[in-house]
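One structure is given below, encoded as structure tokens.
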Amino acid sequence: MAGGFRRHIAACNNLDLPGNLVAFRMAGATVGWLAPPIMEALASEPALFDRQGSAFALAARFTTNADRSAALADAARALAERGLLRLRGEAFDVRAGPDGPVVAVLDRGAIPVFGIVAQGVHLNGLVRRAEGLQVWVGFRSRHKAIAPGQLDHLVAGGIPAGLTAMQTLVKEAAEEASLPPELAAHARPTGTRIGYVMRNEEGVRRDRLHAFDLVLPNSFVPRPQDDEVERFELWPARRLLEAVRDGDEVKFNVNLVLIDLFLREGLIPAGSAEARALREGLAKGP
């Protein structure tokens, strides 16, 4: 894919598994993918890991979620001490796939290093006016480690261990945009599968994005509550479409959720070859 909207999908899907990666197995299933340097570092912990043919696995003696989580935490700390990852102090669920059972938890900073599926929520904050659809846009803090200063959704965030997508959305809405829980609860899932597999400086991101729409009253004005976003602006959807199509102002994965919004709102003509290619591209990930 190249040009326009499709370049963003291509940028987020820059890895075809397995590539030069090694399958990482746990609880009888492949849960991640390891780069050779990471596998070599983990191999120095023989009490925690075993080789299984061409794959690498958490030792079979860890049979419970608690045991597997403790072993992974030890491994993550060892990798952090070597400078191979940065611990974030927030646990994410470990699953073989987005809809599978939880087999362990792992620090968020280690998830891409182990190539494990992560999930997040993205909220399209919409205002419908006579002149057309408007979308709330967040301006990310210039101090963020990822995509500093770029454009973002009204609300977005990773789903922590033990929380559902909706619970995460309500929590993040209050923290990031001063959006009251009773208002955030009216958000509706779009029903679109959005995902990607991306290799970057963090490792291997295998992300599933849960997109929601929330139609907001004209009277609501979001206010940043933490250091994630500097400010919000209400943009005509057409202006935001042009920013995605023609520029690189928007955070890489936010582009995908906005492309889905433009498709559903008819801003990208339905039934066209372009629309079909975009729909296919959005669903490439886990």
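Just so it is clear, none of the values below were taken in a lab; they were calculated from the coordinates. These figures come from a predicted structure and were not determined experimentally. Glycine also receives a Cβ, built like all others from the backbone with ideal geometry; neighbour counts cover every protein chain displayed.
What spacing in nm lies between the two simple spin-label points modelled at E201 and V102, each 7 Å away from Cα in the Cβ direction?
Result: 3.1 nm between the two label points.
Report the antiparallel proportion of the DSSP beta bridges in region 118-282 as a percent, rounded to a multiple of 5.
Of the beta bridges lying entirely in region 118-282, close to 70 percent run antiparallel.
Given an 8 Å cut-off on Cα distances and at least 6 residues of separation, report the relative contact order of region 22-114 as a percent.
The value is 28 percent.
Before anything else, pin down the relative contact order of region 183-286: Cα pairs under 8 Å, at least 6 apart, normalised by residue count, whole percent. Don't skip to the end; give the middle numbers.
Numbers: 98 pairs, mean separation 35.5, N = 104.
Relative contact order comes out at 34 percent.
In what sequence do L256, L282 fall when counting other Cβ within 10 Å, fewest first?
Working: L256 30, L282 24.
Listed from fewest to most nearby Cβ atoms, that is L282, L256.
Please compute the Cα-Cα pair-distance distribution of region 6-73 with 10 Å bins starting at 0, giving whole percents from short to long.
With 10 Å bins starting at 0, P(r) equals 19, 46, 22, 11, 2.
Can you list residues whose amide H is under 5 Å from D207's amide H, if they're 5+ apart or on another chain and H is modeled 1.01 Å from N?
For D207, the qualifying residues are A118, Y196, M198.
Extension gain N20-A59, at 0.36 nm per residue separation less the Cα-Cα distance, in nm?
Additional length available on full extension: 11.8 nm.
What's the exposure ranking of S54, S272, S69, S219, going from fewest to most Cβ atoms within 10 Å?
Result, fewest neighbours first: S219, S54, S272, S69.
State the antiparallel share, in %, of DSSP beta bridges confined to the chain, rounding to the nearest 5.
75
For region 22-114, give me the percentage of DSSP beta bridges that are antiparallel, rounded to the nearest 5 percent.
Looking only at bridges with both residues in region 22-114, the antiparallel portion is about 85 percent.
On a straight-distance basis, which aspartates and glutamates could pair with K251 in a cross-link, Cα separation under 12 angstrom, same-chain partners fewer than 8 positions away excluded?
Candidates past the 8-residue exclusion: D152.
Plugging the Kirkwood radius over Cα pairs into Stokes-Einstein for region 118-282, at a temperature of 4 °C and a viscosity of 1.567 mPa s, what D comes out in µm²/s?
80
Work out the FRET efficiency for A66 and M166 from their Cβ-Cβ distance, taking R0 = 25 Å, and round it to the nearest 0.05. Mind dumping the intermediate values first?
On the way: r = 26 Å, r/R0 = 1.05.
Approximately 0.40, to the nearest 0.05.
Please give the FRET efficiency for D213 paired with R51, using the beta carbon to beta carbon distance and R0 = 51 Å, rounded to the nearest 0.05.
The value I calculate is 0.65.
Please give the Cα centre distance for region 7-83 versus region 156-193, rounded to the nearest Å.
Here the answer is 29 Å between Cα centres.
Give me Rg over Rh for the chain, both radii from the alpha carbons and Rh done the Kirkwood way, two decimal places.
0.99
Starting from the Cα-Cα distance between R238 and A10, subtract it from 0.36 nm times their residue separation and give me the gain in nm to one decimal.
Taking 0.36 nm per residue and subtracting the Cα distance, the gain is 79.8 nm.
Estimate the FRET efficiency between S44 and A80 by the formula 1/(1 + (r/R0)^6), using the beta-carbon distance for r and 25 Å for R0, to the nearest 0.05.
Working: r = 14 Å, r/R0 = 0.57.
Working from the Cβ atoms, E equals 0.95.
Counting alpha carbon pairs within less than 8 Å and at least 6 residues apart, what relative contact order, in whole percent, applies to the chain?
With pairs under 8 Å counted, the relative contact order is 20 percent.
Per DSSP H run of at least 4 residues, take -39500 (n - 2.57); add these up for the chain, divide by its residues and hand me the 222 nm value, nearest 500 deg cm²/dmol. Don't skip to the answer; put the middle values down first.
Details: 8 runs with 82 residues, N = 286.
Counting only the DSSP helices, I get -8500 deg cm²/dmol.
Could you check the spin-label model distance between E131 and E274? Points 7 Å from the Cα along Cα→Cβ, value in nm.
Reported label-point gap for E131 and E274 is 2.4 nm.
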